[in-house]
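Only one structure is covered here, and it is reproduced in the block below.
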Amino acid sequence: MSNKNIVVGITNIQNDPEQCGGESNCKGSRPPLRYLLGIAIVFVLGLMTITCNNGGGGGREMFRNPPEISSRNGVLHANLDVRFAKVKIGDERVTTRVFNGLFTPPTLRVQPGDLIMLNLINNIDQMTNVHYHGMNVTPLSPSDDIFIMVTPTGEFQYQVPIPEEHPKGTFYYHSHAFGLTEFQIMSGQSGTLIVEGELDPFPQLEGIQELVMNLKDIQIDSDGRVPMDIDPGAPTNITLNGQVNPIIKIRPGETQLWRIANIGADHYYPLVLEGHTMFEIARDGNLHNQIVPIPPGETLLLPTASRVDVLVQGGPEGVYEFIDLPFDTGPAGDNYDGATLAALISEGPAQDPIDLSTLSFPQVENLCEQPIPQNQKRTIVFSESADGNTFFINGKEFDPDVVDTSVKIGTLEEWTVQNTSEELHVFHIHQTDFQACEINGVDQDFVGYQDTVNVPYMGEDPNFQGPGEVKIVINFRNPVIEGKFVYHCHIGEHEDNGMMAVIEAVP
């Protein structure tokens, strides 16, 4: 299906770069500081300052789920108006580019088999678009086609059919504008997308409280705006649904479902919950084959774009901290300060805790045990320039006009993803999922699938020689993925500066 010139106000970067104002940098193969103006067609829009009390505020607020839009009669109708707004982050106000005036936009709730009808209206001064992260849907326009860019004053009607057999869990939507992804996500252009039914196998959990937790990082300069030249290692505001250190309530013994989603631009979140075990049941929208306990004080690491669904059972009455620990991404990377994300207060009448040992998980196919022909094995190398400003996959910068990898639908492929740099990278592939088999030569416990994985940096493990390495098996058997999409590092700075490649799935 051709995407070229679909409607006025749309451009297809892959097929039609002249609509970017004739600039060759519309191809997205250069770092954002070198081709930002080529992608960002600047219109004199005037600043639409819309006051929105969407931040943490002074003092201790009660935790709030994001607003929601749910499908009805098999269709989710939504308008996403990308516009300038003034939002509150803690005690600061920032003028930024967001969906519907909200730093934490609505959660979209759908059922397998539904159709998403999402109208994107662009009222900012840059091209933008929407990617449906982690969704196993068609990459062909008008669905999850990240090569489509909506120009300022333009709009586009996405129609995303969700297969009946689609995995159930936590996904998200965000801007995927080439060269502007880091800036637009940090500005606030990301929100949660939930495919309902994840708890259907567990009648014991029916009716439990569900908390949607969006982890988002944002930098604010002295002018009260997100800086165009983002330094991921600079001081960053860490928010939970746009709030700063809110209060979460739970009763002793009560079981809650926490959907924790790192939908920010660059940040890693090493999470610790005081006095409570987090029972991980799903990752990246894929239900596990067993429960994975994270005991009190142990770290649950969420690289950029990772999502986990965990069960939390209220402990004895008291106040406990939900903490983001400091984190170092390597000698050539960034150091992140920690933060207290929320206070968990256990109080009120005690409840009998649900016996989680009675949960019966569906079986999941172990992809790492499947025979993979030699011609379906690849090595993918993440690297970067000596100055750390340009990033490569297999020695090449991103070019949307070039298909770097062709795969045959109906197959499994084994990819060895290597990292020759001295900082962490986050491998992510669109349209499908994979199973992590080995990390630096160590077999991984089989619990399920994911769409994002942390790739160790070279030298991180003194017992492993050579580049950091993750061996994965990717499932290309679903015919819905036919078409062109991408794989990349999901640290916004890295993908914007070249660490992305085009893949085409063919029959």
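The values are calculated or read from the model by the stated rules, or taken from the named source; none is laboratory data. What you see is a predicted model, and the numbers here were worked out from it, not measured in a lab. Because the Cβ atoms are built from the backbone with ideal geometry, glycine has one as well, and the counts that use them run over all protein chains shown. Protein only, heavy atoms only, side chains kept; ligands, DNA and RNA dropped before computing areas. Shrake-Rupley method; radii C 1.70, N 1.55, O 1.52, S 1.80 Å.
Worth a mention:
- Residues of the stretch 304-329 satisfying the condition of being open to solvent by 10 Å² or more (accessible area, probe 1.4 Å) and under 15 Å from P232 (Cα atoms): P326, F327, D328
- Options I354, I345, I372, I323; residue that is touching a strand residue (DSSP E or B) at 6+ places or on another chain (Cβ under 7 Å), assigned to a loop (DSSP other than H, G, I, E, B), among the β-branched types (V, I, T) and over 27 Å from C437 (Cα atoms): I354
- Residue within the stretch 489-497 that is β-branched (V, I, T) and farther than 23 Å from D266 by Cα present: no
- Restricting I185, I194, I218, I162 to residues that are in contact with a Gly (Cβ under 8 Å, 6 or more places away or on another chain), closer than 30 Å to R251 by Cβ and among the β-branched types (V, I, T) narrows the list to I194.
- The single condition among (1) in contact with a strand residue (DSSP E or B) (Cβ under 7 Å, 6 or more places away or on another chain); (2) within 30 Å of P201 (Cα to Cα) that R378 does not meet is (2).
- Selection status of Y336, open to solvent by less than 80 Å² (accessible area, probe 1.4 Å), under 30 Å from K168 (Cβ atoms) and among the aromatic types (F, W, Y): no
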